[in-house]
1. If you check 175, 204, which single one turns out to be without any contact (Cβ under 8 Å) to a residue 12 or more places away in the chain, of a type outside the set (D, E, K, R) and closer than 24 Å to residue 25 by Cβ?
2. In the stretch 23-48, what residues are modelled with pLDDT under 95 and part of a strand (DSSP E or B)?
3. Inspect all residues belonging to the stretch 119-133 and state whether any of them is modelled with pLDDT of 95 or more, assigned to a strand (DSSP E or B), surrounded by 13 or more Cβ atoms within 10 Å (Cβ to Cβ) and out of contact with any Gly (no Cβ under 7 Å at 6 or more places or on another chain).
4. Look through the stretch 70-105, keep the residues that are in contact (Cβ under 8 Å) with a residue 60 or more places away in the chain and among the hydrophobic types (A, V, I, L, M, F, W, C), and return whichever of them is farthest from residue 219 (Cα to Cα).
5. Assigned to a loop (DSSP other than H, G, I, E, B), surrounded by fewer than 16 Cβ atoms within 10 Å (Cβ to Cβ) and either out of contact with any Gly (no Cβ under 9 Å at 6 or more places or on another chain) or among the aliphatic types (A, V, I, L, M) (or both), is that true of residue 20?
6. Between a residue in the stretch 1-12 that is loosely packed, with under 12 Cβ neighbours inside 10 Å and any residue that is aromatic (Phe, Trp, Tyr), which pairs come within a Cβ distance under 6 Å, given they are 6 or more apart or on different chains?
7. In the list 103, 82, which residue meets the criterion of being surrounded by 14 or more Cβ atoms within 10 Å (Cβ to Cβ) and not in a helix (DSSP H, G or I)?
8. If you go through the stretch 146-164 one residue at a time, do you hit one that is in a strand (DSSP E or B), touching a residue at least 24 places away in the same chain (Cβ under 8 Å) and either under 14 Å from the mean Cα position of the chain (by Cα) or over 26 Å from residue 229 (Cα atoms) (or both)?
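The values are calculated or read from the model by the stated rules, or taken from the named source; none is laboratory data. It should be emphasised that the depicted structure is a prediction, and the values quoted were computed from it without experimental measurement. Cβ placement follows ideal geometry from the backbone for every residue including glycine, while neighbour counts extend to all protein chains displayed.
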Amino acid sequence: MCTVYGTGLLTPFSEQRFSFDTIFVADPLYTIPLLIASVVLLILKSDSTARARVAITGLILSSAYMTFAFYAHAKAIGKCETALQSRNINATSIIATPTLMNTVLWNIVAADTGGYWNGYCSVLDAENEIPELTFIPQQVYLSDSIQSKEDLAKMIQFADGFYTLTNEEGKIRFNVLRFGQVSGWIDPASKCAFSFDMTPGADNSMVVQQGRIETTKKEVLEAMVERMGF
């Protein structure tokens, strides 16, 4: 539930997914304490008095990191609200999601008439620093060119309403804003990490992996660390 993907708690009675958007789908700083503790517990003898301390330490460290993630998420939402107020923008809804494998740099998205305001903020930014926002048109009219309205409805539900449509060389692509951009901290016009080709029969098997691969390029990661404020 803490990841952006969320989980279907009410399955099979409802397709609604629940998500707190507080941690990236794979975050080593959360996993490593639990992994180390698990390995040590496998090595220690069953009657070892250290087993309880190891297990509790792993749980405390991972839980402390998750607690920080909730704090950072709330701070990102607050910075987004401040940025919107400074521009006299009345957003209908706001989301903040962590960038690649960290809880320091956050992608913020605010829904407005006809599109979304998108930007990035770091928990290391100065308190009075206002995030820069870029408007991304939703272009709902492009949905008229999508043949399968059922597939479109499923994608809208998956995106929780935060999506845009683009026409790329005659192909209508469904871009999910909840998963952020490939390198938005470098280029505000960067494409979305999750971009689904709505053309009938299109191969979307690598739709998520392609975005992740591009995100892990050296220059993209260096720019991300720099934007964090380290």
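1. On the way: 175 fails: without any contact (Cβ under 8 Å) to a residue 12 or more places away in the chain.
Of 175, 204, the one residue that is without any contact (Cβ under 8 Å) to a residue 12 or more places away in the chain, of a type outside the set (D, E, K, R) and closer than 24 Å to residue 25 by Cβ is 204.
2. Scanning the stretch 23-48 gives no hits.
3. Yes, that holds for at least one residue.
4. Going through the qualifying residues, I end up with 95.
5. Values: assigned to a loop (DSSP other than H, G, I, E, B): yes; surrounded by fewer than 16 Cβ atoms within 10 Å (Cβ to Cβ): yes; either out of contact with any Gly (no Cβ under 9 Å at 6 or more places or on another chain) or among the aliphatic types (A, V, I, L, M) (or both): no.
The answer is no for residue 20.
6. 9/18
7. Values: 82 fails: not in a helix (DSSP H, G or I).
Of the residues listed, the single one that is surrounded by 14 or more Cβ atoms within 10 Å (Cβ to Cβ) and not in a helix (DSSP H, G or I) is 103.
8. Just the residues of the stretch 146-164 that are in a strand (DSSP E or B), to begin with: 163-164.
Imposing the further condition that a residue be touching a residue at least 24 places away in the same chain (Cβ under 8 Å) reduces the set to 163-164.
Pick out the ones that are also either under 14 Å from the mean Cα position of the chain (by Cα) or over 26 Å from residue 229 (Cα atoms) (or both) and you get 163-164.
So far as the stretch 146-164 goes, yes, one or more of its residues are in a strand (DSSP E or B), touching a residue at least 24 places away in the same chain (Cβ under 8 Å) and either under 14 Å from the mean Cα position of the chain (by Cα) or over 26 Å from residue 229 (Cα atoms) (or both).
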